[in-house]
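Contents: one structure, followed by commentary.
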Amino acid sequence: MSYERYEQPPAAAPSRLGLYWKLMRADRPIGTLLLLWPTWWALWLATGGLPPLWTLFVFSAGVWLTRSAGCVINDYADRWLDPHVKRTRDRPLASGALSGRAALALFAALMLVAFALVLTLNRLTVLLSFIGVFLAASYPYLKRYTHLPQVYLGMAFGWGIPMAFAAVQGEVPPLAWLLYGANILWSTAYDTWYAMVDRDDDLKVGSHSTAILFGDLDLVIQGVLYALFLAAMALVGLRAALGLGYWLGLGAAAVLVVYEFHLCRKREREACFKAFLHNNWVGAVLFAGIAAALAWPLAS
């Protein structure tokens, strides 16, 4: 979904193609990476190693397509709000460079391509994809009515997990739901870092977030969320009987999380944004641990 609120307007007016590219946040890959890692965790665990190449392609391309579509529908939902906020008023819809109708057409095109890819997989995966579409399309409206859009984001960002298990195994086992729950905790935590960047602005415009909900207890609750996430990932390792490679990756992830709290100890905007970006490495080392444990089980 949309993570690039902390942005600077371009120096020169982009072309129409550039406007669509910007609307999809294709020039800012962090959201794609944060969606990709959990999907790859699931694919490797479901397969017990390297997944079939076509399945890997479908899910990797699907990550980019659905994340791009999520950014488009997010800006469509906020097209009346963004012009009144300094950091977002130069976005293509907020500035009037693109119309709402153009945005909806782009959203539909991206989702149709993603759905066409899913149609090459089994029936259960196709059925689960409809839930994924609903989550992606409805997420942007949650911040208007609840302080928990970050939780819903985790539900949307992690939906590739049950889909990946369904595509490989033809079912969604308990391990998949455990991994899905862990990802919701992780997404809620890292998106709260991001919400802390914009907390003052969100209060002014009436937008909601976990950062606002947590208030002065934000760092404490963040600590609880990350601790629960790491504990859930430890249960994943135990249930999947992963060896030393995974536990080294999980240990590295824990160290990276501690560093994020060091960055955010004063709650400064730049530091919170850096901590948010830093979660890419958390996802990467966990994936490396899973891949290593499955590739070299005897060494583990």
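The table below gives the values:
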quantity: For TYR20, solvent-accessible area (1.4 Å; no DNA, RNA or ligand), Å²; calculated: 50 Å²
quantity: VAL220-TRP21 pseudo-label distance in nm [points 7 Å out on the Cα-to-Cβ vector]; calculated: 4.7 nm
quantity: In the chain, lysine pairs closer than 23 Å at Cα, eight or more apart or cross-chain; calculated: 10
quantity: Sites ASN122 and LEU53, calculated FRET efficiency, Cβ-Cβ separation with R0 25 Å, nearest 0.05; calculated: 0.90
quantity: Of (1) 58, 46, 34; (2) 52, 44, 43; (3) 58, 42, 40, the label for Cα extents along the principal axes in Å derived from the coordinates; calculated: (1)
quantity: Fraction of alpha-carbon pairs over 21 Å apart in the range 191-293 - percent; calculated: 39 percent
quantity: Theoretical ellipticity at 222 nm over the chain - DSSP helices of four or more residues, -39500 (n - 2.57) apiece, nearest 500; calculated: -24000 deg cm²/dmol
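The values are calculated or read from the model by the stated rules, or taken from the named source; none is laboratory data. Only a predicted model underlies this, so the values are computations on that prediction, with no experimental measurement involved. Note that we place each Cβ from the backbone using ideal geometry, even for glycine, and neighbour counts take in every protein chain shown. Only protein heavy atoms, including side chains, enter the accessible area calculation; ligands, DNA and RNA are left aside. Shrake-Rupley method; radii C 1.70, N 1.55, O 1.52, S 1.80 Å.
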